[in-house]
C-alpha cells in the first residue's frame, strides 16, 4: 500500500511539474542585429557589465581581443585581472565560428573542445563603439565597449533595449575597469 502511495505521489509531482513548465510564459525568439561586418568587429572590447559567470569569478578589468584567423575562424583572447588591480593576469584563448553566415551575428565560441557556446550579437553601435552579446536562453549577457568606460546615457539606452529582449537586467554587474 505504501509503495502504491509513493508511486501515485511521484506521478502527481511529475504531472504538476510538467504543467508548471507548460504554463510558464515563453520568451519570444531572440533577435540579433541584422548584420555584422566582422572586419570592423575585430579588435579590443572592454567588458562594461555582464551577468556573473562562474569562470569570471574575481575578475576585474576584463577585456576580449578578436582577430580573424587565416583558417576562417575568429581567434578570441579573453583576459582579466584576478582579485584587484595589481592581481595576476588571467587569459584564455579560444575560437569563434560564424553560425549564421547571412548576418555574421550568431557565432559559436569554443574554449575547450568539444564544447561550444552561443555568442549572439544583440545590439551594436553603428560605429562599432559598443556591442551587446548574449545567448538565446538569456542566461549569458555582456555589454562591451571599445573604451573601458561608457557614458551613462548610452548605458541606460542599452539597458532599455535589453529589457525589451526579456533579459533580467537586475542580474547585470558593472565591471571594474580601473586597472589600466
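The values are calculated or read from the model by the stated rules, or taken from the named source; none is laboratory data. Computed from a prediction, not measured in an experiment: that's the story for all the values here. So basically every Cβ, Gly included, is an ideal-geometry build from the backbone, and we count neighbours across all protein chains shown.
For a quick check of your reading of the model, give me the residue pairs whose first member lies in the range 57-79 and is surrounded by fewer than 17 Cβ atoms within 10 Å (Cβ to Cβ), whose second is in a strand (DSSP E or B) and at pLDDT below 90, with beta-carbon atoms closer than 7 Å and at least 6 apart or on different chains.
Listed pairs, sorted by first residue: 58/82; 77/91; 79/89; 79/90; 79/91.
The conditions are (1) modelled with pLDDT of 90 or more; (2) assigned to a strand (DSSP E or B); (3) farther than 12 Å from residue 175 by Cβ, and residue 102 fails exactly one of them. Which is it?
Condition not satisfied by residue 102: (2).
Determine if the range 55-68 includes at least one residue that is modelled with pLDDT under 90 and assigned to a loop (DSSP other than H, G, I, E, B).
Looking through the range 55-68, at least one residue is modelled with pLDDT under 90 and assigned to a loop (DSSP other than H, G, I, E, B).
Does any residue of the range 168-180 turn out to be free of Cβ contacts under 8 Å to residues at least 60 places away in the same chain and touching a strand residue (DSSP E or B) at 6+ places or on another chain (Cβ under 6 Å)?
no
Could you check, for the range 3-15, whether at least one of its residues is within 14 Å of residue 131 (Cβ to Cβ) and either at pLDDT below 90 or surrounded by 13 or more Cβ atoms within 10 Å (Cβ to Cβ) (or both)?
no
Taking the options 119, 155, 130, name whichever one is farther than 18 Å from residue 44 by Cβ and either modelled with pLDDT of 95 or more or crowded, with 16+ Cβ neighbours inside 10 Å (or both).
Being farther than 18 Å from residue 44 by Cβ and either modelled with pLDDT of 95 or more or crowded, with 16+ Cβ neighbours inside 10 Å (or both) holds for just one of 119, 155, 130, which is 155.
Scan the range 104-134 residue by residue and report those that are in contact with a strand residue (DSSP E or B) (Cβ under 8 Å, 6 or more places away or on another chain) and in contact (Cβ under 8 Å) with a residue 40 or more places away in the chain.
Scanning the range 104-134 gives 104, 105, 106, 120, 121, 122, 123, 124, 130, 131, 134.
So if I check each of 167, 111, which one is within 15 Å of the chain's Cα centre (by Cα), within 24 Å of residue 58 (Cα to Cα) and assigned to a loop (DSSP other than H, G, I, E, B)? Walk me through it before giving the result.
Working: 111 fails: assigned to a loop (DSSP other than H, G, I, E, B).
The unique qualifying residue is 167.
How many of the residues making up the range 130-150 are closer than 18 Å to residue 62 by Cα and either assigned to a loop (DSSP other than H, G, I, E, B) or touching a helix residue (DSSP H, G or I) at 6+ places or on another chain (Cβ under 9 Å) (or both)? Give the derivation first.
Applying the first criterion (closer than 18 Å to residue 62 by Cα) to the range 130-150 yields 130-134, 140-150.
Filter once more, so that each one left must be either assigned to a loop (DSSP other than H, G, I, E, B) or touching a helix residue (DSSP H, G or I) at 6+ places or on another chain (Cβ under 9 Å) (or both): 130-132, 134, 140-141, 143, 145-150.
Number of matching residues: 13.
Name the residues in the range 119-129 that are in contact with a helix residue (DSSP H, G or I) (Cβ under 7 Å, 6 or more places away or on another chain) and outside any loop (DSSP other than H, G, I, E, B), would you?
123
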